[in-house]
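Shown next, in structure tokens, is the structure this report addresses.
The values are calculated or read from the model by the stated rules, or taken from the named source; none is laboratory data. Note that this is a predicted model, so its numbers are computed, not measured. Because the Cβ atoms are built from the backbone with ideal geometry, glycine has one as well, and the counts that use them run over all protein chains shown. Quick note on the areas: whole protein, heavy atoms, side chains included, nothing else; ligands and nucleic acids left out. Shrake-Rupley method; radii C 1.70, N 1.55, O 1.52, S 1.80 Å.
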Amino acid sequence: MKETSKILRQCADTVMMVKPKAFGANTQTAATNSFQQAESNFLQHANEVNDKANNEFDNLVELLIGSGVRVIVDTEPEGCSSPDAVFPNNWVSFHHNQSVIIYPMMAANRRSEIKETWLNAGESHQGVQVESIMDLRTMAEGDVYLEGTGSIVFDHEQRKMYGCRSPRTNPSIFKILAEQLHYTPMLFGAMDQHGQPIYHTNVMMSIGKTFAVVCFNSVTDTEEQAMLRKELVSKGRTIIEIDITQMINFCGNVLQLMNKEGNLVTVISNSAYNRFTAKQITMLGTQSKIVTCDIPTIEQHGGGSVRCMLAEVFCTVK
């Protein structure tokens with residue numbers, strides 16, 4: 001898994017997305033995800049919710065392709081029982097050295113999302129060339145979880161991993177992965193608007209090639225906040241600091257990608273875009289095209305936004 005022999009790209013030009021079959025609010029994840037705001041009677045409207053989510057999914061795929069980003073649309077495994085399958089970045093990540101990492105997820109019903117066809121080293125699936133597999137599920141002893149690029153915000157260029165401690169982001173397995181990748185682990189605590197640990201790091205921060213969006217106010221320990229600020233400011237990226245209200249409207253859940261022409265594309269949901277200030281939008285748009293999409297159903301019922309829907313693919317794709 002060593003990735004120290006070359007400069008790594010921060011922004012992928014390909015993403016993998018999974019079209020949902022039965023999207024809805026996940027009762028197994030609600031206790032640790034305060035961003036889920038599903039109606040109490042959502043089951044009575046399950047088909048309508050799923051149809052809306054599929055329309056939002058299709059629109060995002062179309063917008064990305066139209067912006068020159070390669071999109072691999074995959075399907076759920078047979079027998080998948082998860083309403084969160086639209087968020088594949090929690091169970092898989094694709095790396096620069098043709099490796100795939102599989103992650104241990106906290107909710108039992110989400111574990112059925114893992115598609116075995118991605119676990120065949122030496123083969124390709126949907127044109128993605130895979131040479132090695134790291135299955136962290138085999139390394140996690142007991143109730144230990146790490147949920148992909150939800151738990152981890154990678155700074156590939158600097159070879160650092162950022163993570164806020166939570167029931168879904170276990171420090172021990174986080175550090176094991178950092179050691180395997182030869183990345184430096186950067187762990188800290190971050191709290192949501194209710195004073196509870198933020199469930200995923202990628203809702204309070206995002207690192208692109210040209211910017212870092214971060215909610216420093218969610219990091220309540222002053223020493224850890226100072227550490228985080230120092231690390232991000234020192235790397236030369238534009239720092240876009242968001243507040244708690246912006247964070248809960250998914251301003252931290254944005255993703256910078258690269259299109260086939262080599263130009264940067266920043267993907268933002270409409271709810272997040274409308275919460276950024278005009279100055280922040282200008283900062284985000286510097287050297288990067290902004291693509292906005294309307295995904296209110298997925299955000300409300302799933303508790304995740306555009307970044308959660310996109311599994312970046314750094315492996316070679318034919």
>> Can you find a residue that is of a type outside the set (S, T, N, Q), more than 28 Å from VAL18 (Cβ to Cβ), touching a Ser or Thr at 6+ places or on another chain (Cβ under 9 Å) and touching a residue at least 12 places away in the same chain (Cβ under 8 Å) anywhere in the range 146-154?
In response: no
>> Among the listed residues ALA107, ALA85, identify the single one that is in contact (Cβ under 8 Å) with a residue 60 or more places away in the chain, among the hydrophobic types (A, V, I, L, M, F, W, C) and in contact with a Pro (Cβ under 6 Å, 6 or more places away or on another chain).
In response: ALA85
> Failed condition for ARG237, given (1) open to solvent by 30 Å² or more (accessible area, probe 1.4 Å); (2) modelled with pLDDT under 95; (3) not hydroxyl-bearing (Ser, Thr, Tyr), with all others met?
Replying inline: (1)
